[in-house]
Amino acid sequence: GHGAAVLVPPVASARGKRPVVVALHGNFDRPSWACDAWRQLVAGRAFLVCTRGLPRRDAPGMNRFSYPSSVWARREVRAALGALAKRYPQRADTSRVALIGFSLGATFAAKIARREPRRFSRVMLVEGGHTGWKATARRYFKGGGEALVLGCGGWRCAQRARRACKLVARAARRKKRCVAIYARGVGHSYTEPLPARVKPSFDALLLEPLLRHGAAP
């Protein structure tokens, strides 16, 4: 019942079961653009799945997409993970998932993570999803949340991200981590140098813990 997601599989040399990174694009966006931006972060170490959403009817012929609601986006993420597990049962570990969202996708990714903190315990939110943590951060971390990376290309977004991280640090009692990253001059976008700026935190807080968790003893 959903449009096809874009998939970037791990490189052949990455043996064993690999974790999954799911990316939600922004409004009037494309899943292929999201995968092009985030594949350099994943760097072939995990499955990268970029969900499609619904076509924008007000832009015929432009091949642009959006998500009608956070409920829809959550269902599409779950459907994509189910399809991935079915297609790659020996390779995709859908119990180890990092969630990325940009703009509208970030707003919805934050809501999805708060609803299922144990499954989506490691989240990166870019240019969105940085509000609402005052009332939800403690519940998110108590429910299994582990880490947040908040990325911004605009100054106002950066201010909100810093405030959100302070709230998260208090709610998590410093046992978990939140990092706010500002790529000056990027604006409301996920173009360079934002991916390069967020990569160290993405590796340390999101992907590498998932890789270690699945490593053979």
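The values are calculated or read from the model by the stated rules, or taken from the named source; none is laboratory data. What you see is a predicted model; the values in this text were computed from it and never measured. Neighbour counts are summed over all protein chains in view; Cβ atoms, including those assigned to glycine, are modelled from backbone coordinates with ideal geometry. SASA here: full protein model, heavy atoms, side chains in, ligands and nucleic acids out. Shrake-Rupley method; radii C 1.70, N 1.55, O 1.52, S 1.80 Å.
Couple of notes before you dig in:
- For region 19-37, filtering for residues that are open to solvent by 40 Å² or more (accessible area, probe 1.4 Å) and in contact (Cβ under 8 Å) with a residue 12 or more places away in the chain leaves 4.
- Within region 142-162, being within 17 Å of the chain's Cα centre (by Cα), open to solvent by 10 Å² or more (accessible area, probe 1.4 Å) and without any contact (Cβ under 8 Å) to a residue 60 or more places away in the chain holds for one residue alone: Gly144.
- Of note, Pro89 does not satisfy the criterion of being open to solvent by less than 50 Å² (accessible area, probe 1.4 Å) and closer than 30 Å to Arg15 by Cα.
- Residue satisfying all of: in region 92-106; among the small types (Gly, Ala, Ser) and over 12 Å from Ala34 (Cβ atoms); surrounded by the fewest Cβ atoms within 10 Å (Cβ to Cβ) among these: Ser95
- For region 23-82, the tally of residues that are of a type in the set (Lys, Arg), in a loop (DSSP other than H, G, I, E, B) and within 23 Å of Pro195 (Cβ to Cβ) stands at 4.
- Count - residues of region 167-211 that are open to solvent by less than 30 Å² (accessible area, probe 1.4 Å), out of contact with any strand residue (DSSP E or B) (no Cβ under 7 Å at 6 or more places or on another chain) and among the polar types (S, T, N, Q): 1
- From Leu41, Leu54, Leu48, Leu81, residue being within 14 Å of the chain's Cα centre (by Cα) and free of Cβ contacts under 8 Å to residues at least 60 places away in the same chain: Leu48
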